[in-house]
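Comments concern the structure below.
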Amino acid sequence: KFWPGPLTMVLAADDKVPPAVCANTGFVGVRAPSHPVARDLLLESGVPVAAPSANRFGHVSPTSAQHVADDLGAHDILIVDGGDVTNGTTCSVGIESTVLKVEDSDVPSDATDVPRKLILFRKGGVPETAIRAALDEAGFTHVEIVPPPAFRDNSHESTGAGVSACDSSKSAAELATEQAEQAGAQQAPGQLITHYAPDVDTWLLRAPSTSPSANPAGVLVVVETQQGKRLPLRSSVLLDFGGTLKELRDTVLAYRDLSPDGDVPSAARTLFDALRWTESVDGAEHVLIVDVAGADDPLAPSVTDRMFRAA
């Protein structure tokens with residue numbers, strides 16, 4: 001139902017699959033992409049293709065050939081250009097695939113009445129609600145979708161100012177490397193708390209109007225977190241959603257709305273490009289992202305997941 005498309009299945013690897021492809025876990029993630037260029041590449045190659053992410057470890061995922069060149073252009077590589085992301089020919093979903101692992105793989109695939117589990121390693125382009133509906137439609141009502149084992153959280157989350165963020169004393173790359181060393185081999189991508197992160201201190205605004213700090217004229221000049229950190233808006237880049245904080249357009253250093261209409265799929269398509277854009281803004285010290293968690297869309301949890309891991 002979801003192939004070709006943004007769904008990766010983690011399955012027990014056959015002995016023919018090289019251990020390096022499995023990160024020595026005994027499992028391998030398999031996906032069938034929908035992009036015509038990617039499909040043509042697979043057909044022409046005539047063999048399975050091992051495809052790691054084309055970006056620096058822990059950095060924002062690429063959604064265009066230029067993003068790949070920015071991260072890896074200094075290496076001896078060839079880049080297949082799938083087209084312009086802005087007109088929908090590249091990364092029509094924007095965020096990565098949903099990753100599911102089939103537990104109890106020894107149970108016959110047609111055994112609809114046997115209790116089984118699917119581990120949702122990563123929320124992504126196929127919403128969990130759509131997967132649940134497909135399972136129920138096929139009669140697999142005994143299959144439970146469960147989250148992965150809890151991973152140690154290196155982030156600081158606050159409620160008083162509606163802001164959650166990672167420890168800005170370390171870079172995103174340093175945090176991602178530290179977490180990877182702690183976790184060891186991973187069965188699925190996107191498991192680190194700090195991931196998909198720009199090279200600018202990034203904060204996720206859970207409820208941005210909760211605790212503003214204003215000057216005597218009533219103009220919001222800083223966002224203050226529960227930990228007491230003050231983020232001056234004049235040195236901050238704001239990634240808005242649905243015009244939630246559009247009144248700050250002239251107060252912040254730079255402003256972009258992921259979707260002025262409040263459309264979650266549009267925000268998903270533009271999020272990673274916008275995060276990379278923040279790195280190019282001169283003088284940017286902080287990035288503030290308005291959360292989409294409150295939006296009534298099945299893709300919202302997946303987009304919020306990426307925003308949280310970027311912060």
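The values are calculated or read from the model by the stated rules, or taken from the named source; none is laboratory data. Note that the structure is a prediction, hence the values are computed from the model and not measured. Virtual Cβ from ideal backbone geometry, glycine too; neighbours counted across all protein chains shown. SASA here: full protein model, heavy atoms, side chains in, ligands and nucleic acids out. Shrake-Rupley method; radii C 1.70, N 1.55, O 1.52, S 1.80 Å.
Things worth noting here:
- Between region 123-146 and region 4-33, the Cα center-to-center distance that results, in Å: 20 Å
- Annotation: amide H-H contacts under 5 Å for Cys22 (H modelled 1.01 Å from N, sequence separation of 5 or more, or interchain): none.
- Solvent-accessible surface of region 1-71, taken per residue with a 1.4 Å probe and all protein chains present: 62 Å².
- Sequence-distant residues sharing a close amide H with Ala197 (under 5 Å, placed H): His59, Val60
- Shown in residue order for region 33-48 are the 3J(HN,Hα) couplings computed by the Karplus curve 6.51 cos²θ - 1.76 cosθ + 1.60 at θ = phi - 60°: x, 9, 5, x, 5, 5, 5, 5, 4, 5, 5, 5, 5, x, 9, x Hz (x for Gly and Pro).
- For region 247-260, 3J(HN,Hα) per residue [Karplus equation, 6.51 cos²θ - 1.76 cosθ + 1.60, θ = phi - 60°, Hz, x = Gly/Pro]: 5, 8, 3, 8, 9, 7, 5, 8, 9, 8, 9, 5, 6, x
- Per-residue HN-Hα couplings for region 18-32 [Karplus 6.51, -1.76, 1.60; θ = phi - 60°; Hz; x = Gly/Pro]: x, x, 4, 5, 9, 6, 6, 9, x, 10, 9, x, 10, 9, 10
- Across Cys91, Cys22, the residue with the most accessible area heads the list, and the full order at a 1.4 Å probe is Cys91, Cys22.
- When the chymotrypsin sites (Phe, Trp or Tyr not before Pro) in region 1-81 are filtered for DSSP coil states and for at most 10 other beta-carbon atoms within 10 Å of their beta-carbon, no site remains.
- Cα-based reach from Lys117 at 17 Å (exclusive), listing lysines while leaving out same-chain residues under 8 positions away: Lys101
- Trypsin sites (Lys or Arg not before Pro) within region 1-97: DSSP coil, no more than 15 neighbouring Cβ in 10 Å: Lys1, Lys16, Arg56
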